[in-house]
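Colleague: Sending over a structure as structure tokens; questions will come in a sec.
The values are calculated or read from the model by the stated rules, or taken from the named source; none is laboratory data. Computed from a predicted model, the values in this text were never measured in an experiment. Heads up, the Cβs are rebuilt from the backbone with ideal geometry, glycines too, and the neighbour counts pull from every protein chain shown.
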Amino acid sequence: MLRGAGGALLALPYLEAMAASTTAEEVPLRMACIGLNFGLVPQLFFPTKTGRDYELTDRLEPLQKLRNDFTVFSGLDHGVNAQGGHGGVHAYLSGVLSKNSAGMPEANISIDQKAAQLVGAHTRYPSLQLASGNDPNNMISWSASGVAIPPVSHVETIYNLLFQKMDPKLRDRTQAELAARTSILDLVKTDAEYLRRKVGARDRRKLDRYFGSVRAVEKRLVQSSQWLDKPKPVVDYHLPAAANTFDFVDRVPLYYDLISLALQTDSTRVITLGLADIGANYGGFQVSRGYHQLTHHGKVPEYITELSIIEQFHMNQLARFLSQLKAVEEPNGKTLLDNCMVLFGSGMGNASSHSNKNLPLLLAGGGFRHGEHKSYFKDGAKKVASPAGNLFVSMLQRFGVETDRFGTAISSLTGLEVPG
């Protein structure tokens with residue numbers, strides 16, 4: 001960072017001179033999780049051959065130059081069979097349907113929030129949740145109390161959160177509001193603790209979950225207060241005018257740009273992005289039907305052809321994003337992609353058949369040994385999948401979380417290795 005007059009900071013690319021004072025252990029790992037609502041056409045995403053010599057499918061072709069930087073998984077899902085398939089999309093990052101989470105120690109906490117528990121105190125934002133719209137299926141981040149964390153969808157709001165300098169008067173007012181909220185929480189907590197002693201076991205469990213939410217809010221308030229007087233980084237990046245009014249296809253690259261900058265400036269180390277809401281406007285594409293209708297193609301060739309245009313757009317944007325991360329050098333001699341695990345996929349396996357089975361999942365970066373298609377089907381007929389939560393356990397362990405389970409998964413994923 002360069003510090004200028006008035007405390008302004010300019011985010012710089014990591015330089016070799018910085019490496020002398022920064023050890024490999026001090027370069028943090030990051031996590032970015034990207035979710036599509038309706039999956040991908042299975043036969044166009046999954047390779048037929050496993051191992052390193054698999055042939056890139058149509059969907060994976062845009063990632064050809066990054067082949068050794070990602071792994072494709074088949075035979076993984078969460079074992080959920082949600083009504084209509086759509087009801088399982090929110091379990092993409094948790095592996096647990098919200099309605100089934102009541103008796104679980106951390107409810108249906110999502111992997112990003114589990115990671116944020118470890119590193120969230122080190123950055124201005126413990127985590128960021130972004131989405132391309134207000135579709136409920138974009139609610140893919142869940143707290144340890146089983147509460148969906150609403151995402152931010154306006155690109156200008158995201159930019160301002162990350163980089164807009166706060167007016168001193170607004171800062172003072174915000175500081176006072178945070179103090180007032182903390183006082184209110186103290187009062188509410190006292191009343192709730194008294195009530196807890198008066199109710200039965202079932203109601204106590206509900207109150208315990210409530211307490212968890214209160215504690216999480218308290219932590220966020222304290223952290224927000226601590227960062228109020230710290231200047232935000234200044235970056236050489238500006239949004240186009242009226243970016244919030246852009247069509248979906250013109251906004252998606254902006255989301256990825258802002259994620260890349262947020263990670264580079266260490267504004268946060270954990271980010272989720274929900275994409276492809278039902279009402280997305282794919283203006284400029286040669287498609288005659290809406291995205292949602294096309295995903296329920298019923299194997300009609302013309303529908304699949306049009307859907308492929310949209311899906312290929314998403315894969316092109318993913319390739320662009322991963323290339324951005326790979327172009328950033330860090331003090332440990334690695335790239336930002338090496339130091340950031342990027343999960344791309346969906347809680348929907350096959351939208352046409354409303355299936356939550358065999359989820360399309362791709363993991364890039366993060367220091368794992370990549371370059372393969374790995375299949376985890378338990379049977380030759382490819383009907384019985386392994387828990388996708390095993391992948392999340394491996395990711396969390398690599399991230400530094402001491403755990404051998406996540407959601408309903410009770411082990412890590414065999415074969416996913418970190419080079420020695």
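Residue by residue, here is whether (1) at pLDDT below 95; (2) part of a helix (DSSP H, G or I); (3) surrounded by fewer than 17 Cβ atoms within 10 Å (Cβ to Cβ); (4) on the phi < 0 side of the Ramachandran plot holds:
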residue	(1), (2), (3), (4)
213	yes, yes, yes, yes
216	yes, yes, no, yes
222	yes, yes, yes, yes
226	yes, yes, yes, yes
229	yes, no, yes, yes
244	yes, yes, yes, yes
254	no, yes, no, yes
260	no, yes, no, yes
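Colleague: Residue under question is residue 393, and the condition is that it be free of Cβ contacts under 8 Å to residues at least 60 places away in the same chain and touching a strand residue (DSSP E or B) at 6+ places or on another chain (Cβ under 9 Å); does it hold? Explain how you work it out, then say what you get.
Modeller: Values: free of Cβ contacts under 8 Å to residues at least 60 places away in the same chain: yes; touching a strand residue (DSSP E or B) at 6+ places or on another chain (Cβ under 9 Å): yes.
So residue 393 passes the test.
Colleague: Then there's this: If I ask for residues that are assigned to a strand (DSSP E or B) and more than 22 Å from residue 78 (Cα to Cα), which ones from the range 358-373 would you list?
Modeller: Pass one, the range 358-373, residues assigned to a strand (DSSP E or B): 361-365, 373.
Passing the criteria: only 365.
Colleague: Then there's this: List the number of the failed condition for residue 86; all other conditions in (1) within 16 Å of the chain's Cα centre (by Cα); (2) farther than 30 Å from residue 164 by Cβ hold.
Modeller: (1)
Colleague: Could you list, ordered by first residue, the pairs with Cβ atoms under 6 Å in which the first is in the range 36-53 and surrounded by 11 or more Cβ atoms within 10 Å (Cβ to Cβ) and the second is assigned to a strand (DSSP E or B), at least 6 apart or interchain?
Modeller: 36/275; 36/346; 39/346; 42/350; 46/74; 47/373; 50/373; 50/375
Condition check ((1) surrounded by fewer than 23 Cβ atoms within 10 Å (Cβ to Cβ); (2) of a type in the set (S, T, N, Q)) across all residues:
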| site | (1), (2) |
| --- | --- |
| 240 | yes, no |
| 267 | yes, yes |
| 275 | no, no |
| 283 | yes, no |
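Colleague: Does the range 61-75 contain at least one residue that is touching a helix residue (DSSP H, G or I) at 6+ places or on another chain (Cβ under 9 Å), in a loop (DSSP other than H, G, I, E, B) and crowded, with 19+ Cβ neighbours inside 10 Å?
Modeller: No: zero hits.
Colleague: While we're on this one: Report yes if residue 314 is at pLDDT below 95 and part of a helix (DSSP H, G or I), otherwise no.
Modeller: On the way: at pLDDT below 95: no; part of a helix (DSSP H, G or I): yes.
No.
Condition check ((1) under 21 Å from the mean Cα position of the chain (by Cα); (2) at pLDDT 95 or above; (3) within 25 Å of residue 86 (Cα to Cα)) across all residues:
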{"position": "298", "(1), (2), (3)": "no, no, yes"}
{"position": "302", "(1), (2), (3)": "no, yes, yes"}
{"position": "323", "(1), (2), (3)": "yes, yes, no"}
{"position": "331", "(1), (2), (3)": "no, no, no"}
{"position": "335", "(1), (2), (3)": "yes, yes, no"}
{"position": "339", "(1), (2), (3)": "yes, yes, no"}
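Colleague: Go over the candidates 327, 280, 262 one by one and state the one that is assigned by TED's automatic domain parsing to the domain that holds residue 111 and touching a Gly at 6+ places or on another chain (Cβ under 8 Å).
Modeller: Values: 327 fails: touching a Gly at 6+ places or on another chain (Cβ under 8 Å); 262 fails: touching a Gly at 6+ places or on another chain (Cβ under 8 Å).
Selected residue: 280, the only one of 327, 280, 262 that is assigned by TED's automatic domain parsing to the domain that holds residue 111 and touching a Gly at 6+ places or on another chain (Cβ under 8 Å).
Colleague: Of the residues that sit in the range 117-140 and are outside any loop (DSSP other than H, G, I, E, B) and under 12 Å from the mean Cα position of the chain (by Cα), which one is modelled with the lowest pLDDT?
Modeller: 138
Colleague: Which count do you get for residues in the range 322-331 that are assigned to a loop (DSSP other than H, G, I, E, B) and crowded, with 17+ Cβ neighbours inside 10 Å?
Modeller: The first filter runs over the range 322-331 and keeps only residues assigned to a loop (DSSP other than H, G, I, E, B), leaving 327-328, 330-331.
From what's left, crowded, with 17+ Cβ neighbours inside 10 Å: 328, 330-331.
Result for the range 322-331: 3.
Colleague: Looking at (1) surrounded by 19 or more Cβ atoms within 10 Å (Cβ to Cβ); (2) farther than 22 Å from residue 309 by Cα, which is the one condition that is false for residue 100?
Modeller: With (1) surrounded by 19 or more Cβ atoms within 10 Å (Cβ to Cβ); (2) farther than 22 Å from residue 309 by Cα applied to residue 100, the lone miss is (1).
Colleague: Could I ask something else about it? Which of the residues spanning the range 82-109 are without any contact (Cβ under 8 Å) to a residue 60 or more places away in the chain and among the polar types (S, T, N, Q)?
Modeller: Those that are without any contact (Cβ under 8 Å) to a residue 60 or more places away in the chain and among the polar types (S, T, N, Q): 83, 98, 100, 101.
Colleague: Scanning for something farther than 30 Å from residue 139 by Cβ and within 23 Å of the chain's Cα centre (by Cα), does the range 34-51 turn up at least one residue?
Modeller: Let us first name the residues in the range 34-51 that are farther than 30 Å from residue 139 by Cβ, namely 47-51.
When the remaining residues are screened for being within 23 Å of the chain's Cα centre (by Cα), the result is none.
No, the range 34-51 contains no residue that is farther than 30 Å from residue 139 by Cβ and within 23 Å of the chain's Cα centre (by Cα).
Colleague: Could you list, in sequence order, the residues of the range 103-116 that are within 16 Å of the chain's Cα centre (by Cα) and either surrounded by fewer than 18 Cβ atoms within 10 Å (Cβ to Cβ) or not in a helix (DSSP H, G or I) (or both)?
Modeller: Of the residues in the range 103-116, the ones within 16 Å of the chain's Cα centre (by Cα) are 108-116.
Passing the criteria: 108, 109, 110.
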